[in-house]
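The values are calculated or read from the model by the stated rules, or taken from the named source; none is laboratory data. Quick caveat: nothing in here was measured; it's all calculated off a predicted structure. Cβ sites come from the backbone with ideal geometry, for glycine too, and all protein chains shown count toward neighbours.
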Amino acid sequence: MTGRPLPQPSLASAGFWRSGADGVLRITHCADCGRHFHPPLPNCPSCRSRSVALAPVSGRAVVVGFSVNHQTWLPGFPPPYVVAVVALAEDDRARLTTNLVGCAPEDVHVGMRVRVRFEQHEDIHLPLFEPDLEDTSPGPLPAPRVIRAPARASARKYEDRVALTGVGQSQVGRRLMTDPLSLAVDACLAAVEDAGLRLDDIDGLSTYPGPTPDGMSEGGVTALTEALGLTPTWVNGAREVPGQIGSITAGMLAVAAGLCRHVLCFRTVWESSHSALVRSGRWPNPQGARATGMFEFRAPFGAMSAAQWIGCHASHYQHRYGVGREALAAIAVTTRAHAARNPEALHREPMTLDDYYAARIITTPFGLYDCDVPCDGAVAVVVSAIETAYDRPRPPVLVESVGTAVRERLSWDQDTLTHLPQARGPAAHLWTRTDLTPADVDVALLYDGFTFNALSWIEALGFCGPGEGTGFLAGGKTIALDGELPLNPHGGQLSAGRLHGFGFVREAMLQLRGDADGRQVAGARVAAVTAGGGVPSGAMLLRRAE
């Protein structure tokens, strides 16, 4: 394919990208424990030895996950094409995201044995894979990842020292063509008013992800401080936190430590307008440069979207547990029914199972309704010291526990395959910080960038066992508003719009305060909230103040 973006070799990876010149695949190998691993690292992730170097391998591998892409992400890289994760024969912990070539997309399957075939572009030798005609037997799959919860670090809980006292949301819509900072200001002013505070009371600011391009930020703490004339004691604006709601967790820690009394946490997206500006030529399109960072090992294979990365996990899940799209369909159709009760939701029209299955495929196994809806909007939340919480005009929402633990490699393809990466670690951590159990949860606000994300969180949090989601959901009955575990009563990101994590916190607060008009879950006292479409991620257990 001539339209492949090429990787920008780094000082660490240059040898890997050159190594195929003689037709031999080379992967980093540890001389002390014998492990192979990828991408290149300065030391072994198992034994931490520094005795690591590129070493030749057979070039044979097994497909452990794949997604047949039908969406055009890059000019000159036309669909359909197969993005796959392959595990090397020498060590199934060493995996490559790649393309499968030399066969029809419909013939690809999990467990397929493949072998490397290099494609040269300038100074780069890209490792593609084709069917291994010498061995057509099913290949072995990596064992499911065992996740162990961390030990409780202390009897003291910072969660008990804080409360969520205010929440606000701007207008939310498609292609609003409104300055994103203006959206942030609207949400923040509403949250501060909801908490019964003045702007001068705000002594902390926390946001995700800080200044960033591509319609994912209003400009960060600096922009909001200038716009509102604030004088905070403490600020945070970062993307390497436990999910998008990790910025709220950071605010809790600042309040619990005594740095602040009231932290304003905010999140703004304007993806819909940004995309329209790029398409119209009014905003520069950054495509064309060589791929760096996390895209160095993905963009050359057309793996530009989390839909493809997570689709590989979903295909592994379906193969391992012998299920189809039934659980994904139940989540999409049920949360659309919930959105019909939410006047703010972007998509409120009815959806049937027939509609779901008839929708165009984006990248297997995901169709149009498995994917969330890009939008413009902002949400803000006020975190306050617990001693001030009952002086506020609205009932506070208390924080029972927070899960933030990293128990897997922070990677989309090198560790957990059965579920969304980084869901199970935070989920396990969450339950170590409370005496409550999954049976105590009255409403679940679970991240649904894709339907499989929500399914992964349902199983990770222990509402059912691994691979049991299809039966547990019972075609959507379990997650309906009157079901055992009402899921995303506002419609979630699949139907209400992708507010990138913060929308779930807002809905949890409305539910626990009894303010979710038209979609209120009766007697909601405890809410589970998760965020993070992959790495890292976080979880919260919130409860109503009695």
Scanning the range 373-385 for residues that are touching a Phe, Trp or Tyr at 6+ places or on another chain (Cβ under 9 Å) and either in a strand (DSSP E or B) or not assigned by TED's automatic domain parsing to the domain that holds THR268 (or both), which turns out farthest from GLY246 (Cα to Cα)?
ASP376
Filtering the range 226-253 for residues that are within 22 Å of the chain's Cα centre (by Cα) and assigned to a loop (DSSP other than H, G, I, E, B) leaves a count of 8
Could you please find all residues in the range 57-84 being more than 27 Å from GLN318 (Cβ to Cβ) and surrounded by 13 or more Cβ atoms within 10 Å (Cβ to Cβ)?
VAL57, GLY59
State the number of residues belonging to the range 489-540 that are in contact with a strand residue (DSSP E or B) (Cβ under 8 Å, 6 or more places away or on another chain), hydrophobic (A, V, I, L, M, F, W, C) and under 20 Å from ARG394 (Cβ atoms).
13
So VAL323 clears everything in (1) crowded, with 24+ Cβ neighbours inside 10 Å; (2) in a loop (DSSP other than H, G, I, E, B) except one condition, right? Which one?
(1)
Residue match in the range 217-228 (condition: in contact with a His (Cβ under 9 Å, 6 or more places away or on another chain) and either assigned by TED's automatic domain parsing to the domain that holds VAL269 or aromatic (Phe, Trp, Tyr) (or both))
no
Failed criterion for ALA153 (all others in (1) assigned to a strand (DSSP E or B); (2) more than 30 Å from SER13 (Cβ to Cβ); (3) of a type in the set (A, V, I, L, M, F, W, C) hold):
(1)
Which residue pairs have Cβ atoms under 9 Å apart, sit 6 or more places apart or on different chains, and have a first residue in the range 72-99 that is in the same structural domain as LEU410 (by TED's automatic domain parsing) and a second that is surrounded by fewer than 17 Cβ atoms within 10 Å (Cβ to Cβ)?
none
Which residues, counting only those in the range 300-315, are surrounded by 24 or more Cβ atoms within 10 Å (Cβ to Cβ) and closer than 13 Å to TRP412 by Cβ?
PHE301, ALA303, ALA307, GLN308, TRP309, ILE310, GLY311, CYS312, HIS313, ALA314
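Residue under question is ALA223, and the condition is that it be farther than 18 Å from GLY166 by Cα, surrounded by 17 or more Cβ atoms within 10 Å (Cβ to Cβ) and over 24 Å from the mean Cα position of the chain (by Cα); does it hold?
yes
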Note on SER273: of the conditions (1) out of contact with any strand residue (DSSP E or B) (no Cβ under 8 Å at 6 or more places or on another chain); (2) more than 16 Å from PHE77 (Cβ to Cβ), unmet is (1)
Identify, from the list ARG267, ARG341, ARG325, the residue that is within 18 Å of SER67 (Cα to Cα) and in contact (Cβ under 8 Å) with a residue 24 or more places away in the chain.
ARG325
ALA444 is checked against (1) in a loop (DSSP other than H, G, I, E, B); (2) among the aliphatic types (A, V, I, L, M); (3) surrounded by 23 or more Cβ atoms within 10 Å (Cβ to Cβ) and fails just one. What number does that condition carry?
(1)
